[in-house]
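Peer 1: This is the structure I have questions about; it appears just below.
Derivation of every value follows stated rules applied to the coordinates shown; laboratory data play no part. Predicted model, so just to flag it, every value in this text is computed and none were measured. Ideal geometry is used to build each Cβ from the backbone, glycine not excepted, and the neighbour counts take in all protein chains shown.
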Amino acid sequence: MITSMEIHNYQFKKAIRGFDQEEVKEFLEIIADDYEALFVENAQLKEEIQRLEYELSKFKRLEETMNNSLILAQQTAENIKTNAQMESEKLIDDAKRKVMEIFVLYQDVIKRLNMFNLELKGQVAGQMEILEKNQKKVEEMTEFFFGRDLKEVLEKIEKAELKGK
């Protein structure tokens, strides 16, 4: 690529009937200045493109980081949700198991209470039978001791004792 300096310093060969040298120099001067301005602008644009490409790459990295963070957050949320679901199912299963254990214990207590009541009824019935037998004996003895026959026997014994003395 030709530089503006090369355009400024370029020397045309002289010819007899050639172009006006002054006019050619002025024209080359204008072209060199325009070329230099374009060259500087081109360099500035290249720098700007480089800077923008650098910025773009930063934003792409930032976007990638944000996407990765979002994906990680989604995965974490799913893991938390799954763990919470599993934990709740475990708690419910544990609660059901404990309720069943308590229910079985409750049934056992009721069975034992029924057995105790039956045994107690049996014992009370036995005691009532004994009590009734004792009550009959007391009545028989009362009848015997307070009956007419015994009074007569006691009177006869008393009279016999009095005579003997």
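Peer 1: To the nearest 20 Debye, how big is the dipole of the range 18-103 about its Cα centre, given +1 on the beta carbon of each Lys and Arg and -1 on that of each Asp and Glu?
Peer 2: Here the range 18-103 has a charge dipole of around 1660 debye.
Peer 1: Output the 0 to 90 degree angle, nearest 10, between the alpha-carbon long axis of helix 148-164 and the longest principal axis computed from the alpha carbons of the chain.
Peer 2: Taking the Cα atoms of the chain, the angle to 148-164 is about 50 degrees.
Peer 1: Another question, then. Kindly write out, for the range 22-30 in residue order, the coupling ³J(HN,Hα) from the Karplus curve 6.51 cos²θ - 1.76 cosθ + 1.60 (θ = phi - 60°), rounded to whole Hz, with x marking Gly and Pro.
Peer 2: 5, 5, 5, 4, 5, 5, 5, 4, 4
Peer 1: So which chymotrypsin sites (Phe, Trp or Tyr not before Pro) in the range 1-82 are both in a DSSP loop and have at most 14 other Cβ atoms within 10 Å of their Cβ?
Peer 2: Listed in order of number, the matching sites are 10, 12, 19.
Peer 1: Say R0 is 25 Å: what FRET efficiency, to the nearest 0.05, do residue 83 and residue 57 get from their beta-carbon distance?
Peer 2: Rounded to the nearest 0.05, the efficiency is 0.10.
Peer 1: Run lengths n ≥ 4 of DSSP H only: what is the helix-derived mean residue ellipticity at 222 nm for the chain, with -39500 (n - 2.57) per run over all residues, to the nearest 500?
Peer 2: Value at 222 nm, helices only, nearest 500: -34000 deg cm²/dmol.
Peer 1: Using +1 at the C-beta of Lys and Arg and -1 at the C-beta of Asp and Glu, which of 160, 125, 16 has the Cα lying farthest in the positive direction of the dipole of the chain?
Peer 2: 160
Peer 1: State the answer as a single residue: which of 85, 67, 43 lies farthest towards the positive end of the charge dipole of the range 1-104, with beta carbon charges of +1 for Lys and Arg and -1 for Asp and Glu, about the Cα centre.
Peer 2: 85
Peer 1: Largest first and in whole Å, what are the equivalent-ellipsoid semi-axes of the chain based on the Cα gyration tensor, each being the root of 5 times an eigenvalue?
Peer 2: 144, 12, 7
Peer 1: Show me the trypsin sites (Lys or Arg not before Pro) within the range 1-80 that DSSP assigns to loop and that have at most 11 other Cβ atoms within 10 Å of their Cβ.
Peer 2: Hits after loop and neighbour filter: 13, 14, 17.
Peer 1: Give, rounded to the nearest 20 debye, the magnitude of the charge dipole that the chain has about its Cα centre when Lys and Arg contribute +1 at Cβ and Asp and Glu contribute -1 at Cβ.
Peer 2: 2380 debye
Peer 1: Explain nothing, just compute: Karplus ³J(HN,Hα) = 6.51 cos²θ - 1.76 cosθ + 1.60, θ = phi - 60°, for every residue of the range 33-49 in order, whole Hz, x for Gly and Pro.
Peer 2: My calculation for the range 33-49 gives 5, 5, 4, 4, 4, 5, 5, 5, 4, 4, 5, 5, 5, 4, 4, 5, 4 Hz in order.
Peer 1: Now, a different point. Return a single number: how many Lys pairs in the range 1-72, at a sequence separation of 8 or more or on separate chains, have alpha-carbon atoms below 25 angstrom apart.
Peer 2: 4
Peer 1: Output ³J(HN,Hα) for the range 65-70: one whole-Hz value per residue in order, computed from phi by the Karplus curve 6.51 cos²θ - 1.76 cosθ + 1.60 with θ = phi - 60°, and x for Gly and Pro.
Peer 2: Couplings: 4, 5, 4, 4, 5, 5 Hz.
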